[in-house]
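Read the structure below first, then the notes.
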Amino acid sequence: MKLASLNQGRDGVLVVVSRDLTEAVTVPQIAATLQAALDDWNYCKPKLEAVYQRLNDGLEQGAFAFEQADCHSPLPRAYHWADGSAYVNHVELVRKARGAEMPESFWHDPLMYQGGADAFIPPHSPIRLADEAWGIDLEGELAVITDDVPMGATPAQAASHIQLLMLVNDVSLRNLIPGELAKGFGFYQSKPSSSFSPVAVTPDELGENWRDGKVHRPLVSHINGELFGQPDAGTDMTFNFPTLVAHAARTRPLGAGTIIGSGTVSNYDRSAGSSCLAEKRMLEVIEHGEAKTPFLKFGDRVRIEMFDAGGQSIFGAIDQPVEKYEG
C-alpha cells in the first residue's frame, strides 16, 4: 500500500496512491490524515488496503491524477523524529578523516539523536537557509514509521511495529556541527528541518527487497542533475530498522507516528558514490589531504529517489532547490 499527504492544512490530507504513482484518492470516510490513520492503525489499515486494491484495479470512484508536487511529507509534522547512524562505515570514515579513533562500542550500540519534528519541509519545496557559510549538506536516508511501540520492545518485537517506510533528506549544516558537539550536548541548530519522500509505503510493497529489516535497493541522489551516488541501502547497514526502533524504545514507549531514520546510506565500496557531501569531502581529505567538493550553494538542486527492479519510482522523489531565507 502507498499513502501520501496533500499539502493542505497543518497535517495534510491523507490520500491512497496507486502503485505506479499515477492516481490517488482521498479517504475521509476512513481517516482525514495519516496521523489519524496511525492512531487507529488496526482499524484503518484493512480499509485503506481495500481502497488501494480497488484503485490499482481501476475500480475506485473519485480517483484523480497524482502529482508529487502537491504533497507534503507523509507526516507533515510528527510527535517524534529520531535519526540513527546505522551505516557505521560512514561514521568510521568521518572520524578517520579528522584523525579520531572510533570507540568499539559504536559497532554494537547505535548512535541516535532526536530531531525537530514540528515543521518538516515538503518534498518538492525549497530548502531555505540564511547562510551558505553554514555548510549546507544533503543526507540521503530511509526511515520507518511505527505504530505504538511499548517500552523495552526487543528487535523481534519492534519489527512488527514497523508500518511504513519512506525516504529522507536529513538536511545538515556541517560547519555548525563541530561547535555544537564540542559542547557535549548534541545537535540542534546544525540540524534544521528535514524532508521526506512524497509517498510512504508498507513494507510488503518492496517484496523481496525488504528482508532482514533492511531495504535492499540503491538510493539514488542527484545534485544539479548529475548523479552523485547510488549506494545500496541494504549493504553495510550495521543496525537494521528493528534494532534501531528497539534502541529508541529502550527507556520510553514510542507513540504511533514515530519516525526512525537510518542515517546516511553508505557502502564500503565507494564506486557507488555517496549520499552526503561530507562523506565525499572526507574521502578527498584522506586521498588528497584536503576537501575539494563544496557544500551546497543557493541555486543548487537536490534529488533523492529509489527505484524498483523495473525502473519504477517506489516512493516518488525528494526534489528540492536550495534558496536563501530572507526572513
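The values are calculated or read from the model by the stated rules, or taken from the named source; none is laboratory data. Only a predicted model underlies this, so the values are computations on that prediction, with no experimental measurement involved. Methodologically, a virtual Cβ is constructed for each residue, glycine included, from the backbone with ideal geometry; neighbour enumeration extends over all protein chains shown. Accessible surface is based on the protein model in full, side chains and every heavy atom, while ligands, DNA and RNA are left aside. Shrake-Rupley method; radii C 1.70, N 1.55, O 1.52, S 1.80 Å.
Out of all the residues in the stretch 17-27, is one or more more than 20 Å from GLU67 (Cα to Cα) and either open to solvent by 40 Å² or more (accessible area, probe 1.4 Å) or aromatic (Phe, Trp, Tyr) (or both)?
no
I'd like to know if the stretch 66-87 contains one or more residues that are touching a His at 6+ places or on another chain (Cβ under 8 Å), in a helix (DSSP H, G or I), open to solvent by 50 Å² or more (accessible area, probe 1.4 Å) and hydrophobic (A, V, I, L, M, F, W, C).
Within the stretch 66-87 (the criterion being touching a His at 6+ places or on another chain (Cβ under 8 Å), in a helix (DSSP H, G or I), open to solvent by 50 Å² or more (accessible area, probe 1.4 Å) and hydrophobic (A, V, I, L, M, F, W, C)), the answer is yes, since at least one residue qualifies.
So which strands (runs of 3 or more DSSP E) stay within the stretch 158-257 end to end and still have 1 or more residues that are among the basic types (Lys, Arg)?
Output list is empty.
Among residues belonging to the stretch 143-157 that are outside any helix (DSSP H, G or I) and polar (S, T, N, Q), point out the one that is most open to solvent (accessible area, probe 1.4 Å).
THR154
Out of the residues in the stretch 281-327 that are among the basic types (Lys, Arg) and part of a loop (DSSP other than H, G, I, E, B), state the one that is farthest from LEU3 (Cα to Cα).
Among those that are among the basic types (Lys, Arg) and part of a loop (DSSP other than H, G, I, E, B), it is LYS292.
Residues in the stretch 167-180: is at least one under 30 Å from GLU290 (Cβ atoms), buried (at least 24 other Cβ atoms within 10 Å of the Cβ) and of a type in the set (D, E, K, R)?
yes
Could you check PRO110 against (1) surrounded by 14 or more Cβ atoms within 10 Å (Cβ to Cβ); (2) at pLDDT below 90; (3) not in a helix (DSSP H, G or I) and say which number it fails?
The failed condition is (2).
Give the residues of the stretch 44-65 that are among the hydrophobic types (A, V, I, L, M, F, W, C), open to solvent by 60 Å² or more (accessible area, probe 1.4 Å) and out of contact with any strand residue (DSSP E or B) (no Cβ under 7 Å at 6 or more places or on another chain), sorted by residue number.
Once the filter is applied, which keeps residues that are among the hydrophobic types (A, V, I, L, M, F, W, C), open to solvent by 60 Å² or more (accessible area, probe 1.4 Å) and out of contact with any strand residue (DSSP E or B) (no Cβ under 7 Å at 6 or more places or on another chain), the stretch 44-65 yields only LEU59.
Quick one: is LEU38 farther than 24 Å from ALA119 by Cα, hydrophobic (A, V, I, L, M, F, W, C) and touching a residue at least 60 places away in the same chain (Cβ under 8 Å)?
No, not satisfied.
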